[in-house]
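Novice: Before we start, here is the structure in question, set down as structure tokens.
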Amino acid sequence: MRFTDRALRALTPKRQRYEVWEDNGKGLGLRISPSGRKSFIFMYRYAGKTRRMTLGVFAPPPDGLTLADAHLKHAEARKLLIRGIDPGAADVEARRALRDAPTVSDLAAEYLERWAKPHKRSWAEDQRILEKDILPAWHNRKAKDITRRDVITLLDRIVDRGAPIVANRTLAVIRKMYNFGVQRDIVPTTPCTRIPMPAQERRRDRVLSADEIRAFWHGLDQANLARGTRLALRLQLATAQRTGEIVRASWEEFDLRHGWWTIPAERSKNGLPHRVPLSRCSLAILAAARSLSDQSPFVFPSPRLVRRDGTMAIRPIAPAALTRAVARNLDHFGGTHFTPHDLRRTAASMIASLGTRRTVLKMILNHVDNDVTAIYDRHSYDQEKRMALDAWGERLEEIVR
């Protein structure tokens, strides 16, 4: 019969399944089942045997095929047959590959285990971003099917809820995850090509004044915070070290008798061990922390205990918890916005104002020195660092007294 949309729609089901064939259609037919379901089929010969393959259901897209779609699929199948390939077997393999293709959840899990956890100290933040916005939107979708438009739409939703910087961080995680997927042959391409950061980020230069330091220090006592969180924030201001290094510190890193904190290479940002002199102010904070940590190996254990197999395991405070703690209690600190990292910048600025040389300040902050001279300079600067941090400790005590 002559295949037209109208003619095919007019075909009615019978008690038994039956087939009709297109005139000169070279094997293209339509199967009508007793239920009324209509499917395009292709009958052909391969290796001396007659075979059939189903091209798809005759139904409006995206659930089915139009007659024009069926003609295209039929033509593609005949091209394979001309090249000596069984189109039915190729179709079965393509369907199997589609069924078994990794989902976004699969890609995310492999990214976290194979790359983020071994290479990033901040892998937990990547996991949080994935679970917050990416996986709820895409978790069951095939990773290879995510498009640039999908990424842009997701980022727009985050920006529209008033979180443009979060959108930047989300794009960074998607880009890193898909680059990993391409390298591991999990996906053929990345959907992040030529997608700019959703928001322009300005370099932060927030430094607290002496009055703001005093308001922060004493405001901690009235803030709705666990005592360990208060002490962690004070220690960051006193030592000028990074938030992640503060909250994940363990007691085995400290020599309280001689006043040293050695941050191991695996926890320092530049991958080198870092010795931090402890001022009288810092030692007083650590003494208070010791009375709170009980048997915990961590200086600042989380007040939340995680149950594992019926036992209680202790974990350190999460870096993000300090950021949230400050944001929730700004009214107690004078109302002006700042972050825990601004405490580190404030301490560094105060140390510099006391006459500390920039080289020594770099050593205190554990910044990488790319100067050629630094390759030959193997002086530890321990004495200079101690003098600078002791002077800052005394100045801090004066400010808050």
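Throughout, read-outs are computed from the coordinates displayed, never taken from laboratory work. The structure presented is a predicted model; accordingly, all values stated were derived computationally and were not measured. All Cβ positions, even for glycine, are placed from backbone atoms using ideal geometry, and neighbour counts span all protein chains on display.
Novice: Tell me, K79, K362, K49 in order of fewest to most beta-carbon neighbours within 10 Å?
Specialist: Numbers: K79 11, K362 16, K49 8.
Result, fewest neighbours first: K49, K79, K362.
Novice: As an exercise, use a Förster radius of 30 Å and the Cβ-Cβ distance of V57 and A109 to find the FRET efficiency, rounded to the nearest 0.05.
Specialist: 0.35
Novice: Below 14 angstrom from the Cβ of N24, what's the summed charge of the other residues (Lys, Arg +1; Asp, Glu -1)? It would help to have the intermediate numbers written out before the result.
Specialist: Details: positive: R2, K26, R78; negative: E22, D23.
Around N24, the charge tally is +1.
Novice: Turning to a different aspect of this structure: Give me the net charge for the shell around W260: Cβ to Cβ below 15 angstrom, other residues only, Lys and Arg +1, Asp and Glu -1. Please list the in-between numbers first.
Specialist: Values: positive: R257, R275, R280, K385, R386; negative: E245, E252, E253, D255, D382, E384, D390.
Combined, the nearby Lys, Arg, Asp and Glu give -2.
Novice: Still on this structure: Measure nothing fancy, just the Cα-based angle from helix 382-400's long axis to the longest principal axis of the chain, in degrees from 0 to 90, nearest 10.
Specialist: 80 degrees
Novice: Working from the alpha-carbon coordinates of the range 35-163, get Rg over Rh, Rh being the Kirkwood radius.
Specialist: On the way: Rg = 21.2 Å, Rh = 18.4 Å.
Using Cα coordinates only, the ratio equals 1.15.
Novice: Related question: With angles folded into 0 to 90 degrees, how steeply does helix 164-183 sit against the dominant principal axis of the chain? Use alpha carbons for both and round to 10.
Specialist: The two axes meet at around 60 degrees.
Novice: With n ≥ 4 as the cut-off for DSSP H runs, can you work out [θ] at 222 nm for the chain, using -39500 (n - 2.57) per run divided by the number of residues, rounded to the nearest 500?
Specialist: Details: 17 runs with 189 residues, N = 401.
Dividing the helical sum by the residues of the chain leaves -14500 deg cm²/dmol.
Novice: Also: Using Cα centres only, tell me the gap between the range 1-50 and the range 183-246 in whole Å.
Specialist: 66 Å
Novice: Same structure again: Once you've got the Cα coordinates, tell me which of K117/K385; K26/K49; K117/K176; K38/K73; K49/K79; K26/K79 are over 22 Å apart.
Specialist: Working: K117/K385 33 Å; K26/K49 16 Å; K117/K176 13 Å; K38/K73 16 Å; K49/K79 18 Å; K26/K79 12 Å.
Where the Cα-Cα span goes over 22 Å, the pairs concerned are K117/K385.
Novice: Oh, and also: Which percent of Cα pairs goes in each bin when the distances of the range 104-183 are cut into 10 angstrom slices starting at zero?
Specialist: With a bin width of 10 Å, the distribution comes to 18, 57, 24, 1.
Novice: Out of all Cα-Cα pairs in the range 210-400, roughly what percent, to the nearest whole number, are more than 23 Å apart? Don't skip to the answer; put the middle values down first.
Specialist: Values: 7772 of 18145 pairs.
Considering the range 210-400, 43 percent of its Cα-Cα pairs are separated by more than 23 Å.
Novice: So how far apart, in nm, are the two label points at M1 and N224 if each is 7 Å from Cα heading toward Cβ?
Specialist: For the pair M1/N224, the computed spacing is 7.2 nm.
Novice: Same structure, new question: What list do you get for W392, W123, W138 if you sort them by fewest beta carbons within 10 Å? Working shown, then result.
Specialist: On the way: W392 26, W123 16, W138 22.
With the sparsest Cβ surroundings first, the list reads W123, W138, W392.
Novice: I41's amide H: which non-local residues (gap 5+, or another chain) put their own amide H closer than 5 Å, with H modeled 1.01 Å from N in plane and none for Pro or chain starts?
Specialist: Result for I41 returns G29, L30, R31, L55.
Novice: With both partners inside the chain, how many of the DSSP beta bridges are antiparallel, as a percent to the nearest 5? Provide the component values of the computation, followed by the final result.
Specialist: On the way: 29 of 30 bridges.
Of the beta bridges lying entirely in the chain, close to 95 percent run antiparallel.
Novice: Residue separation times 0.36 nm, minus the C-alpha to C-alpha distance between T50 and D382: what's the value?
Specialist: Details: separation 332, 0.36 × 332 = 119.52 nm, distance 8.47 nm.
Stretched fully, the T50-D382 segment lengthens by 111.0 nm.
Novice: In addition: Quick one: I158, I152, fewest Cβ neighbours within 10 Å first, how do they rank?
Specialist: Values: I158 21, I152 15.
Final ranking by Cβ density, sparse to dense: I152, I158.
Novice: Enumerate the residues in the range 48-79 having an amide nitrogen under 12 Å from the point lying 7 Å beyond the Cα of N24 toward its Cβ.
Specialist: No residue qualifies, since no backbone N sits under 12 Å from the label point.
Novice: While we're on this one: Between (i) 23.3; (ii) 26.5; (iii) 31.0, which entry matches mean projected area of the Cα convex hull in nm² as derived from the coordinates of this structure?
Specialist: (iii)
Novice: May I ask you to derive the FRET efficiency for K362 and R96 from their Cβ-Cβ distance with R0 = 56 Å, giving the value to the nearest 0.05?
Specialist: Values: r = 57 Å, r/R0 = 1.02.
Once the sixth-power term is evaluated, E becomes 0.45.
Novice: Another question, then. Under a Cβ-only charge scheme (Lys and Arg +1, Asp and Glu -1), can you give me the dipole magnitude of the range 210-400 about the Cα centre, in debye to the nearest 20? Present the calculation step by step, with values, prior to reporting the outcome.
Specialist: On the way: 27 positive and 21 negative charges, 93 e Å.
Charge dipole of the range 210-400: 440 debye, to the nearest 20.
Novice: Nearest 10 degrees, 0 to 90: what angle lies between the long axis of helix 67-82 and the longest principal axis of the chain (Cα atoms)?
Specialist: 90 degrees
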